[in-house]
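The values are calculated or read from the model by the stated rules, or taken from the named source; none is laboratory data. The structure displayed is predicted, hence computed values, not measured ones. Quick reminder, even Gly has a Cβ in these numbers, built from the backbone with ideal geometry, and neighbours come from all protein chains shown.
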Amino acid sequence: MVLYLPFNHHALALPIQRALDVYLDAVGTGLEIFSEYSLGYESATFHEDSWSNIRQMLSTADEEYFLDDEEDEQLRLMQMKNQFDRMVELSSEERGVTGYGFFYWARLSWRVPPKSQMSLVSFSWPTEYLEACGPGRMREEMMALAALLPYASGHAGLAFSSPNLWGPSMKNIHEEALRYPGLDVTHGQRELGMHVDGVHWLNFLGPEVLSQVGGAEALRSRLHSPSTTVQSLEGGRALVSLGPEPQAGDVLRGDTLPAYRELARVLEPWLFPFPDHMSWRDCPPDTARRWWRRFLDE
């Protein structure tokens, strides 16, 4: 689950901490869940001070901090190079990927941030968790997390689990990615703005994004798949659900996920366009583009 947040950390600190608490209450905090964490690019194994370090990173001062006012030029340049204000990642690479994960990336705190730049937060669970609690309960947990956060848009569904901030290495899984179109292989788009990051099982639309696509009623009138629902939410938001449970699809068996393709066609003018610089190393040419537009071109 990935949510895009058009705010600086000062406005997100409390909502992010509440959401993390809700997530941890459900999945636990033991070493069998998370064995390492990162507050930047360097990872560390959990020790007695780890959680206090994480909480400190997610805290905020009474007054908002702006990078424009930073007098330490080296610190300002370092943050600009890193491209984030705050970062927290909880993972389990040290002991093998468990499927649980939390990632928070707060955008640089400029007084007037670029309109396209988003903060983002993601939560992950293993498929065994989904199977144990059922898709209905899983959907409720995701909706509860989303309700705590001021998202512009977001999504949830099946994905390849990867501790890599830029997504998994595609060399060994690009054929599976193309075969099973319902599986996500990205880690979010930090320059998303008010675009929509593809089509997924659950599609969260914030007020501005929902308004630009015509509102919940307009979406309902254009989506005819019997498995698709459009649910209006508080605050002028909506959730588009593509079926009662997430689907991987399988193009080799003719399961091309027609409900996903229908939503992609409706949202195409607002979908984040394929980044021309994007390529998958050691994969056949144009593989990344084929995957990106898998619900539109094939």
Among the candidates 3, 12, 67, residue that is in contact (Cβ under 8 Å) with a residue 40 or more places away in the chain and either touching a Gly at 6+ places or on another chain (Cβ under 7 Å) or among the charged types (D, E, K, R) (or both): 3
Counted residues, the range 267-289 - those being out of contact with any strand residue (DSSP E or B) (no Cβ under 9 Å at 6 or more places or on another chain) and crowded, with 18+ Cβ neighbours inside 10 Å: 3
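Residues are listed down the side, and each one gets a yes or a no for (1) of a type in the set (D, E, K, R); (2) in contact with a Ser or Thr (Cβ under 6 Å, 6 or more places away or on another chain):
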residue: 192; (1), (2): no, no
residue: 253; (1), (2): yes, no
residue: 273; (1), (2): no, no
residue: 280; (1), (2): no, yes
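Yes/no matrix, rows are residues, columns are (1) among the aromatic types (Phe, Trp, Tyr); (2) assigned by TED's automatic domain parsing to the domain that holds residue 295; (3) under 25 Å from residue 276 (Cα atoms):
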site: 128; (1), (2), (3): no, no, no
site: 132; (1), (2), (3): no, no, no
site: 146; (1), (2), (3): no, no, no
site: 172; (1), (2), (3): no, yes, yes
site: 184; (1), (2), (3): no, yes, yes
site: 189; (1), (2), (3): no, yes, yes
site: 206; (1), (2), (3): no, yes, no
Complete set of residues in the range 1-47 that are buried (at least 17 other Cβ atoms within 10 Å of the Cβ) and among the charged types (D, E, K, R): 36
